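Trainee: Just passing along the structure, written as structure tokens.
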Amino acid sequence: MNILVINCGSSSLKFQLIDAATEALIAKGLCERIGIDGSKIVYQPTGAEKKETVTPMADHTQAIRLVIDALTDKETGVVGSLSEIGAVGHRIVHGGEKFASSTLVTDEVIKTITDCNELAPLHNPANLIGIAACKELMPDTPMAAVFDTAFHQTMPKEAYLYGIPYEYYEKYKVRRYGFHGTSHAYVSKRAAEMLGRKYEDLKLIVCHLGNGASVSAVRNGKCIDTSMGLTPLEGLIMGTRSGDIDPAIIEFIAHKENKSVDEVMTVLNKKSGVLGLSGGLSSDFRDLLKAYDEGDEAGIRTVEAFAYRVTKYIGAYAAAMNGVDAICFTAGVGENNPFIRDLVCSRLGYLGITMDEEQNAKRGEELMISTPDSLTKVLMIPTNEELAIARETYALVKA
Ligand code: ADP
């Protein structure tokens, strides 16, 4: 069965068509600038050339129609007709406390996801538009909702409650939810397979270091803590998000700069992180590492602060789990940058870690990057959120 995986943002839509039986990627692509001038669809069948078409896309329904047209195109398409798409898997950012696992989409599920909108006002409405558009264009195709928050729903109260009046949790469900759950789940399960051990017997720390970045602690196959919180703003220093700060900074900066709370929040979400810390140099680690190598002070302070925060979270989660068997690195920075991995691990000698520099310098595939006798193992595992969504969708549809 072919599964169409859809990741819908407010003005973009990423898609992949995956054969659930072989797990092969059949085609992938991206619609950009939906509802904005200069909309574009990029479509790439596996093994064939990438095709870019600039064409108007007034809304997400039109974007999905173009995706279907591309997939079924007589010349460059990969399926004969819509009937060869067996199911659609949607990435949904926030499932609140309502969803601890993926689910088939029903009217009831759509309503419950809508109830979570205020917890992720930038993401969930866009995800729902994707569901509505698919429903309109492929009414008979089953759909699944796969949540970024679901994997973290196993966290105990001691980890998900904040030290604020409990009534805010009771009234508004203010608590830690965590994100990137599909990635943390995929990578931690792959780690168990790579180690040849039972998932349920392991203590794992997953560092998802991309533009958005988060760490999670997975004990005996269950997430027990993660660095992102009510929103994806908490935790590590990210591309443009601040991560952990003293909450009093918000009021302090609002006064000093004569800004509203909303404006300060925009700074924390869009102008902070490594972009802000580097004085606007870049949010892209390739630029920052180049600056670091050139001895640029902004590059050095930024890269060091980023890596230090990751190391600190690893220490906290090793303590939370009373030990750790393996630390996994994934996502853009975690997969591609040996230097950052080294910088993070250089302070983890107390965990009995010895890095294998030759392995760490390699690229592309899953790797054990610690030496065979390293007490705690270090792994590099490329994440594959789309494949994880396709697997979840397939499991729900065939059940
Ligand atoms: P997201 O999915 O959150 O947008 P990604 O997981 O794609 O993010 O990661 C994006 C980040 O990965 C960018 O900061 C980019 O600079 C970084 N990255 C990609 N390739 C490399 C590389 N070779 N070295 C260092 N960083 C890299």
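Trainee: Of the cross-linked pairs 98/259; 14/135; 203/290; 203/398; 50/290, which ones have a Cα-Cα span greater than 24 Å in the structure shown?
Mentor: Pairs exceeding 24 Å: 98/259; 203/290; 203/398; 50/290.
Trainee: Compute the whole-percent fraction of alpha carbon pairs in the chain spaced more than 38 Å apart.
Mentor: 21 percent
Trainee: Roughly speaking, to the nearest percent, how much of the range 142-243's 1.4 Å accessible area is carbon and sulfur?
Mentor: Carbon and sulfur: 49 percent of the exposed surface of the range 142-243.
Trainee: Now for a different question. How large is the helix-only mean residue ellipticity at 222 nm for the chain, computed as the sum of -39500 (n - 2.57) over DSSP H runs with n ≥ 4, divided by its residue count, in deg cm²/dmol to the nearest 500?
Mentor: So the helix-based figure for the chain works out to -11000 deg cm²/dmol.
Trainee: I've got another one for you. Evaluate E = 1/(1 + (r/R0)^6) for residue 166 and residue 244, where r is the Cβ-Cβ distance and R0 equals 22 Å; express this FRET efficiency to the nearest 0.05.
Mentor: 0.50
Trainee: Sticking with this one: If you roll a 1.4 angstrom probe over the protein chains with everything in place, what fraction of the accessible area of the range 328-399 belongs to carbon and sulfur, to the nearest %?
Mentor: On the range 328-399, the fraction of accessible area on carbon and sulfur atoms equals 53 percent.
Trainee: Would you mind computing Rg(Cα) / (2.2 N^0.38 Å) for the range 172-311, counting N as its residues?
Mentor: Ratio of Cα Rg to 2.2 N^0.38 Å: 1.19.
Trainee: Let me ask another. Let me make sure I get this right: for the range 261-330, a, b and c are the square roots of the gyration tensor eigenvalues over alpha carbons, sorted descending. Under 1.5 in a/c it's rounded, otherwise prolate if a/b > b/c, else oblate. Which is it?
Mentor: Oblate is the answer for the range 261-330, as a/c is 1.5 or above yet b/c matches or exceeds a/b.
Trainee: Rank-order 207-219, 66-78 by packing density, defined as the average count of other C-beta atoms within 10 Å over each peptide's residues, highest first.
Mentor: Per-residue mean Cβ counts within 10 Å order the peptides as 207-219, 66-78.
Trainee: Then there's this: How large is ³J(HN,Hα), in whole Hz, for each residue of the range 132-145 in order, when computed from phi with the Karplus curve 6.51 cos²θ - 1.76 cosθ + 1.60 and θ = phi - 60°, using x for Gly and Pro?
Mentor: 4, 5, 5, 4, 5, 8, 9, x, 9, 8, x, 10, 10, 10
Trainee: Could you work out how far apart the two model spin labels at residue 365 and residue 24 are, taking each label as a point 7 Å from the Cα in the direction of the beta carbon, and quote it in nm?
Mentor: Computed distance between label sites residue 365 and residue 24 equals 1.9 nm.
Trainee: Excluding same-chain residues fewer than 8 positions from residue 271, which aspartates and glutamates have a Cα within less than 14 Å of its Cα?
Mentor: Filter leaves 262, 263, 284.
Trainee: How much of the accessible area of the range 47-110, probe 1.4 Å, is carbon plus sulfur, in whole percent?
Mentor: About 49 percent, which is the carbon plus sulfur part of the accessible surface.
Trainee: Per residue, how much accessible area does the chain have with a 1.4 Å probe, in Å²?
Mentor: 46 Å²
Trainee: Highest first, please rank the peptides 245-257, 33-45 by the mean number of other Cβ atoms sitting within 10 Å of their residues.
Mentor: Ranked from most to least packed, the peptides come out as 33-45, 245-257.
Trainee: Of 262, 148, 225, which is the most mobile in a GNM of the chain whose springs link Cα atoms less than 10 angstrom apart?
Mentor: Greatest mean-square fluctuation among the candidates belongs to 262.
Trainee: For the range 357-399 and the range 67-107, what is the separation of their Cα centres, given in Å?
Mentor: Using only Cα atoms, the two centres lie 24 Å from each other.
Trainee: Pick from 289, 387, 379: which is most flexible by mean-square fluctuation in a GNM of the chain where alpha carbon atoms under 10 Å apart are linked?
Mentor: 289
Trainee: While we're looking at this one, here's another question. Which residue fluctuates the most in the chain, going by a Gaussian network model with Cα springs under 10 Å, if the choices are 184, 94, 60?
Mentor: 60
Trainee: About its Cα centre, what dipole magnitude does the range 274-362 give when the only charges are +1 on Lys and Arg Cβ and -1 on Asp and Glu Cβ, stated in debye to the nearest 20?
Mentor: Charge dipole, the range 274-362, about its Cα centre: 340 debye, nearest 20.
The values are calculated or read from the model by the stated rules, or taken from the named source; none is laboratory data. These numbers were taken from a predicted model, which means no experiment stands behind them. With ideal geometry, Cβ positions are generated from the backbone for all residues, glycine too; neighbour counts draw on all protein chains shown. We work out accessible area using only protein heavy atoms, side chains counted, and drop any ligands, DNA or RNA first. Shrake-Rupley method; radii C 1.70, N 1.55, O 1.52, S 1.80 Å.
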